[in-house]
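Asks: There's a structure below that I have some questions on.
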Amino acid sequence: LVSFTVDPDTAKDFDDAISVRSEGDGVRIWVHIADVSYFVPAGTPLDRGAEERGNSVYVPGLVAPMLPHELADDACSLRPNVDRLTVTVEIAPNGETCFYRSVIRSRERFTYGHAQRILEGKEQHELADHVRLADRVSAELRRARFARGALRVESSEPNFAFDGRGGVERAWLEAEPQAHALIEELMILANDAVAAFLASRRREAIYRVHEPPEPQAVQLLLAKLTDLEIPTPPVPDVDSMAPADAARVAAEASELVADYVRKSQRGKDAFRSLVLRSLKQARYDPRNLGHSGLASTAYTHFTSPIRRYPDLVVHRALLREIGQGDDPVPEDLGAVAEHTSETERAATDIEYRADEICAAWLLERTLFDRGWEEPYPGEVTGV
């Protein structure tokens, strides 16, 4: 079976690979995820260390991995042209799913840029038809997700290159939206499938939950957007607005903001962040409370067990349920969910501050080269 990975240029730990095959009028999809649970048995020192860290932390040029490099970058990583142990989610054209342990050999390690050039017809590759088929499937999944009320909030990650002498040489945004969406949608599909399976059997696991926004927060968002002369959806009276109504209005507002930014090229960063700040923060919970942002009734994190501990817990729960593993889930899932939510927030803060520091270093260098008094245009993205 032809499988391949698509990741950022700087990635070293490849959690996920995909395979696609046309069948009649539909497409069969395989999402292969690194079988970290094979190498990290529950309750071992490796496992306790991973649980304590909760996740990997990424800053420009460096990573503090959740697992030792020998596992994260090598034994578990789905590198090309070597056999690797995986857990596969297989989705038939009719939507039926099955789960099993597997062995894959990735044919190619695509970067987002490489995949993007193939999709744009700028580059040839022997797997080009597979990449284009995966893109067609992901585009259909994306349309369906937004049609059911998912939020449309897109953002770009900053990247930095260093000069080898301790300085920041340049910065750019990770801007390969089509190639990124290709993988993102298939990972969402796999996470959805695993969560629905475990929830339907009332099995203990850790779910990724995102509760509907507060009606008052959505009302304030619409007032800000109106002040900024951005179209807003009609909204019911805040006193009669239920959380489900608030989620629907926030999703409609995110669509209008995305459309406005695309057409006007104004407020690309600022207006999207306004939408994000009106929402509740996603977190981990042993209860299935649904995911408002993705308009999903059951959602979990399953696709990145090399870098996120909740994914490893979900792998164990799934493998135990299908009779292909016997590692138990933690006794106090609530405590693990709360702890990993906290480590995620701490990592996000470190990653954000690291990006800000690198941007400041680059700005200092740029001002020194151009002259401290020379003006150039910028955009206020927050106050």
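Asks: What ³J(HN,Hα) values, in whole Hz, does the Karplus curve 6.51 cos²θ - 1.76 cosθ + 1.60 give for segment 367-373 when θ = phi - 60°, with x put for Gly and Pro?
Replies: 5, 5, 6, 8, x, 5, 9
Asks: Here's something else I'd like to know. According to a simple spin-label model (label point 7 Å from Cα along Cα-to-Cβ), what is the distance in nm between S22 and Q124?
Replies: So the label points at Q124 and S22 sit 2.0 nm apart.
Asks: Using a probe radius of 1.4 Å on heavy atoms only, what accessible surface per residue do you get for segment 1-107? Whole Å² is fine. Write out the running numbers ahead of the final one.
Replies: Details: 4770 Å² over 107 residues.
It amounts to 45 Å² per residue over segment 1-107.
Asks: Could you work out the helix-only [θ] at 222 nm for the chain, with each DSSP H run of four or more residues adding -39,500 (n - 2.57) and the total divided by the number of residues, to the nearest 500 deg cm²/dmol? If you can, show how the numbers build up before the last one.
Replies: Working: 10 runs with 159 residues, N = 383.
Per the formula, -13500 deg cm²/dmol.
Asks: Then there's this: Separation of segment 71-146 and segment 337-383 by C-alpha centroid, Å?
Replies: Value for the Cα centre distance between the two parts: 32 Å.
Asks: Give the label of the value calculated from the structure for mean projected area of the Cα convex hull in nm², choosing from [x] 21.5; [y] 24.3; [z] 30.7.
Replies: Only one option fits the structure, namely [x].
Asks: Tell me, what % of the accessible area of the chain is carbon and sulfur with a 1.4 angstrom probe? Walk me through the numbers on the way to the answer.
Replies: Details: 9840 of 19330 Å².
Carbon-and-sulfur percentage of accessible area, whole number: 51.
Asks: Checking the cross-link filter: which lysines have an alpha carbon closer than 22 Å to that of K224, excluding same-chain neighbours under 8 positions apart?
Replies: K263, K268, K280
Asks: Over the chain, what is the relative contact order in whole percent, taking alpha-carbon pairs under 8 Å and six or more residues apart?
Replies: Details: 654 pairs, mean separation 80.5, N = 383.
The normalised contact order for the chain reaches 21 percent.
Asks: Now, a different point. At 0.36 nm per residue, minus the direct Cα-Cα distance, what do R101 and E364 gain on full extension? Give it in nm, one decimal, please.
Replies: Gain in length upon complete extension: 89.6 nm.
Asks: Magnitude of the Cβ-charge dipole of the chain, K/R +1 and D/E -1, about the Cα centre, nearest 20 debye?
Replies: Working: 45 positive and 64 negative charges, 132 e Å.
Dipole magnitude for the chain comes out near 640 debye.
Asks: Sticking with this structure for a sec: Using 1/(1 + (r/R0)^6) with R0 = 45 angstrom and r between the beta carbons of A147 and W372, what's the FRET efficiency to the nearest 0.05? Present the calculation step by step, with values, prior to reporting the outcome.
Replies: On the way: r = 51 Å, r/R0 = 1.14.
Calculated transfer efficiency: 0.30.
Asks: Now, a different point. To the nearest 0.05, what FRET efficiency results for V383 and E174 with a Förster distance of 25 Å applied to their C-beta separation?
Replies: For R0 = 25 Å, the calculated efficiency reads 0.45.
The values are calculated or read from the model by the stated rules, or taken from the named source; none is laboratory data. Note that this is a predicted model, so its numbers are computed, not measured. Don't worry about glycine lacking a Cβ; one is built from the backbone with ideal geometry, like all the others, and counts go over all protein chains shown. Calculation scope for accessible area: heavy atoms of the full protein, side chains included, ligands and nucleic acids excluded. Shrake-Rupley method; radii C 1.70, N 1.55, O 1.52, S 1.80 Å.
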